[in-house]
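Shown next, in structure tokens, is the structure this report addresses.
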Amino acid sequence: MDSLQVESINKELNKFELLAGILGLAIVDRNGLTILSRLPRSIEERKFGAMATTLIGAMETATAPFKEDLINLTIEFENSQLIIMSSDTNIILVVFTELGIDLGFMLIEIEEILTNIKNILRG
């Protein structure tokens with residue numbers, strides 16, 4: 001990824017972070033390596049990326065008999081939630097949000113930013 005792509009992706013993330021309820025986010029690759037992140041200091045970036053990749057991979061394997069593509073994975077905690085969405089470009093976007101956000105709206109926004117990031121990476 002060149003510096004222009006990183007700059008363009010950072011601009012997309014800046015817009016996305018303005019949404020209410022976003023606690024942090026990361027872009028990771030299918031190997032679990034964190035490409036870019038904006039996570040709270042209390043979350044270890046490397047472990048977070050590896051965890052997200054492992055979770056989405058396990059769910060894809062578990063749901064393979066349904067013969068449909070997995071769109072996203074949402075994990076709800078007591079006070080927060082993770083939304084993990086993969087793309088066809090080996091990029092996974094992981095969003096850490098407050099609990100009780102408008103999930104439908106957030107999923108639409110995540111899809112949009114993921115599409116924008118894919119377009120940036122394709123050149």
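The values are calculated or read from the model by the stated rules, or taken from the named source; none is laboratory data. These figures come from a predicted structure and were not determined experimentally. Heads up, the Cβs are rebuilt from the backbone with ideal geometry, glycines too, and the neighbour counts pull from every protein chain shown. The protein model used for the area step is the full one, side chains on, heavy atoms only, and it has no ligands, DNA or RNA in it. Shrake-Rupley method; radii C 1.70, N 1.55, O 1.52, S 1.80 Å.
Numbers for the structure displayed
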quantity	calculated
Residue in the stretch 97-120 that is in a strand (DSSP E or B) and either within 16 Å of the chain's Cα centre (by Cα) or not small (Gly, Ala, Ser) (or both) present	yes
Condition broken by Leu121, with the remaining ones in (1) closer than 22 Å to Leu33 by Cα; (2) at pLDDT 90 or above satisfied	(2)
Odd one out for Met1, checked against (1) at pLDDT 90 or above; (2) under 23 Å from Arg122 (Cβ atoms); (3) part of a loop (DSSP other than H, G, I, E, B)	(1)
Criterion: free of Cβ contacts under 8 Å to residues at least 24 places away in the same chain and either of a type in the set (S, T, N, Q) or open to solvent by 40 Å² or more (accessible area, probe 1.4 Å) (or both) - qualifying residue of Asn72, Asn90, Asn119	Asn119
Within the stretch 31-50, tally of residues that are part of a loop (DSSP other than H, G, I, E, B) and surrounded by 14 or more Cβ atoms within 10 Å (Cβ to Cβ)	3
Long-range neighbours under 6 Å by Cβ, at least six apart or interchain, first residue within 9 Å of Val94 (Cβ to Cβ) within the stretch 27-52, second hydroxyl-bearing (Ser, Thr, Tyr) and open to solvent by 60 Å² or more (accessible area, probe 1.4 Å)	none
Inter-residue pairs, beta-carbon under 8 Å, first among the basic types (Lys, Arg) and open to solvent by 100 Å² or more (accessible area, probe 1.4 Å) and in the stretch 1-15, second part of a helix (DSSP H, G or I) and at pLDDT 90 or above, 6+ apart	Lys15/Ile113
Some residue of the stretch 78-86 being closer than 22 Å to Leu121 by Cα and open to solvent by 40 Å² or more (accessible area, probe 1.4 Å)	no
